[in-house]
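Chemist: Could you have a look at this structure, given as structure tokens, before my questions?
What follows is calculated from the coordinates using simple rules that are stated; it is not laboratory data. Note that the coordinates shown come from a computational prediction; the quantities given were computed from them, not determined experimentally. No Cβ is skipped: glycine too gets one built from the backbone with ideal geometry, and neighbour counts run over all protein chains shown.
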Amino acid sequence: MGREACGFAMNDVVLGKLERRLGRLHARQRLGIETDHEAQIFGQGLNFFHIENWYSIHAFIRLALMLAGLYWRGRRNAESIQVRYNTVRFARLPEAFDGITLLQISDLHADQSEGAMRRLAELVPALSYDLCVLTGDYRGATYGPFEPALAAIEVLCRGLHGPLYGVLGNHDTIRMVPALEDMGIRMLLNECVPISRGRETIYLAGIDDAHYYRVDNIQEAAAEIPHDAFAILLSHTPEIYRQAAHAGFDLLLSGHTHGGQICLPGSVPVTLDSVLPRAMGAGAWNYHEMAGYTSVGAGTAVVPVRINCLPEITLHHLRRQ
Ligand SMILES: [Fe+2]
């Protein structure tokens, strides 16, 4: 079979799997938009300019950091993953869930963050939590092969315990979903799952990428959540904070911004690559009745360094008010 014919056969297999998993419309829409727009520098997403897709400038940024004497310190920083703790109190958290702990891991860019992935494999087995959420950006680049990223995620998953849930980021392709689910990660693609303890239930929803591919659908994700139920939303980007808050979510867990990744002294980001108030670029924040958290992420993109912005994984401790 020729290379092209082989590619078509493989695409048919993936398309069949995705249509069965997501429904015909979502699968074809996502794959079609990926084919038309992946790696586009201007336009397409929520913001106009996408530095992560401008591959020719990445080497220039690396050189500039080397000349400034910051590169190797930045490389060491990129492997210094911090475990951060975020306690949030909610009036309507059911009693049975008082004290539940969620481990959030975001923006792994696993195939381009080898040092960080090694550090994570050492860190996570010792952590205590009830469930783990992965908030997207598993792959380093925004197009091309995704198998190396999946292989690194599979190694990480061996050190994780409890139920795993995930959403896709703007660096990910929908074609990764079958493999991620085979690893035991329940991907939430404009979907929601109930989580029950005794007779009480909370809801965990997740949306497909809202930043670049714009295939998020909060209405669909929230459709089965009773209006007075406690609900958490996973979204790779926090840019949908308004829609999430007014849809009635209690907590929004996100990543995407990398906290700027390369920051000025005082952790002031040069760019967040987002349409977002700066206060929502990293850490805990609130919007109306909704609590939010933006993880600065565990990996790196564009260049493999972090300056004044150490990588993190986060333990969210949910308490009743
Ligand atoms: Fe990212």
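Chemist: Is there a quick way to get the dipole size of the chain? I mean about its Cα centre, with the Cβ of Lys and Arg at +1 and of Asp and Glu at -1; what is the value in debye to the nearest 20?
Modeler: Working: 28 positive and 34 negative charges, 132 e Å.
In debye, rounded to 20, the chain gives about 640.
Chemist: Right, something else. Sort 128, 274, 80 so that the residue with the fewest other Cβ atoms within 10 Å of its own Cβ comes first and the one with the most comes last.
Modeler: Numbers: 128 9, 274 21, 80 13.
The fewest-first ordering by Cβ neighbours comes to 128, 80, 274.
Chemist: How about segment 163-249: which GluC sites (Glu not before Pro) there lie in a loop by DSSP and see at most 15 other Cβ atoms within 10 Å? Please list the in-between numbers first.
Modeler: Working: sites: 181, 191, 200, 220, 224, 239; in loops: 224.
The qualifying sites are 224.
Chemist: Would you mind telling me the antiparallel percentage of the DSSP bridges in segment 121-250, rounded to 5?
Modeler: The antiparallel proportion sits near 40 percent.
Chemist: While we're here: To the nearest 20 debye, what is the magnitude of the charge dipole of segment 154-199 about its Cα centre, counting +1 on the Cβ of each Lys and Arg and -1 on the Cβ of each Asp and Glu?
Modeler: Working: 5 positive and 5 negative charges, 57 e Å.
About 280 debye.
Chemist: Please state the shape class of segment 72-223: rounded when a/c is under 1.5, otherwise prolate if a/b exceeds b/c and oblate if not, all from the C-alpha gyration tensor. Please list the in-between numbers first.
Modeler: Numbers: a/c = 1.89, a/b = 1.28, b/c = 1.48.
Taking the square roots of the gyration eigenvalues as a ≥ b ≥ c, segment 72-223 is oblate.
Chemist: Just 258, 109, 161 to compare: in a GNM of the chain, with alpha carbon springs under 10 Å, which one fluctuates most?
Modeler: Between 258, 109, 161, it is 161 that shows the largest mean-square fluctuation.
Chemist: Give me the percent of DSSP beta bridges within the chain that run antiparallel, rounded to the nearest 5.
Modeler: Values: 19 of 50 bridges.
Of those bridges, close to 40 percent are antiparallel.
Chemist: Once the chain is represented by equal point scatterers at the alpha-carbon sites, with solvent omitted, what log10 I(q)/I(0) does the Debye formula produce at q = 0.08, 0.09 Å⁻¹?
Modeler: Computed log10 I(q)/I(0) values: -0.34, -0.43.
Chemist: Restricting attention to segment 168-222, which trypsin sites (Lys or Arg not before Pro) occupy a DSSP loop and are surrounded by at most 16 other Cβ atoms within 10 Å? Before the final figure, lay out each step's value.
Modeler: On the way: sites: 175, 186, 197, 199, 214; in loops: 199, 214.
Sites meeting the loop and neighbour criteria: 199, 214.
Chemist: Counting each pair of different Cα atoms once, what's the Kirkwood radius of segment 219-321 in Å, rounded to one decimal? Each step should come with its number before you reach the end.
Modeler: On the way: mean 1/r = 0.0692 Å⁻¹.
When all Cα pairs of segment 219-321 are included, the Kirkwood radius is 14.5 Å.
Chemist: Also, quick follow-up: If you average the C-alpha positions of segment 273-295 and of segment 135-209 separately, how far apart do those two centres end up, in angstrom?
Modeler: Spelled out, the Cα-based centre of one part sits 22 Å from the other.
Chemist: Here's something else I'd like to know. Name the chymotrypsin sites (Phe, Trp or Tyr not before Pro) in segment 142-218 that are in a loop by DSSP and that have at most 16 other C-beta atoms within 10 Å, would you? Let's see the in-between values first.
Modeler: Values: sites: 143, 146, 165, 203, 212, 213; in loops: 143, 146, 212, 213.
Filter output for segment 142-218: 143.
Chemist: A follow-up question, please. Using each residue's phi in segment 166-175, evaluate 6.51 cos²θ - 1.76 cosθ + 1.60 at θ = phi - 60° and report the 3J(HN,Hα) Karplus result to the nearest Hz, with x for Gly and Pro.
Modeler: Karplus-based 3J(HN,Hα) across segment 166-175 equals x, 10, 8, x, 6, 8, 9, 9, 4, 5 Hz.
Chemist: Which cross-chain or sequence-distant (5 or more) residues have an amide H under 5 Å from the amide H of residue 166, H modelled 1.01 Å from N in plane?
Modeler: 134, 186, 187, 188
Chemist: State whether segment 140-225 is rounded, prolate or oblate according to the following rule on the C-alpha gyration tensor (a ≥ b ≥ c being the square roots of its eigenvalues): a/c under 1.5 gives rounded; otherwise a/b larger than b/c gives prolate, and the remaining case gives oblate. Please list the in-between numbers first.
Modeler: Details: a/c = 3.21, a/b = 1.30, b/c = 2.48.
Taking the square roots of the gyration eigenvalues as a ≥ b ≥ c, segment 140-225 is oblate.
Chemist: Amide H of residue 307 versus every other amide H placed in the peptide plane: which residues, excluding those fewer than 5 positions away on the same chain, fall under 5 Å?
Modeler: 262, 263
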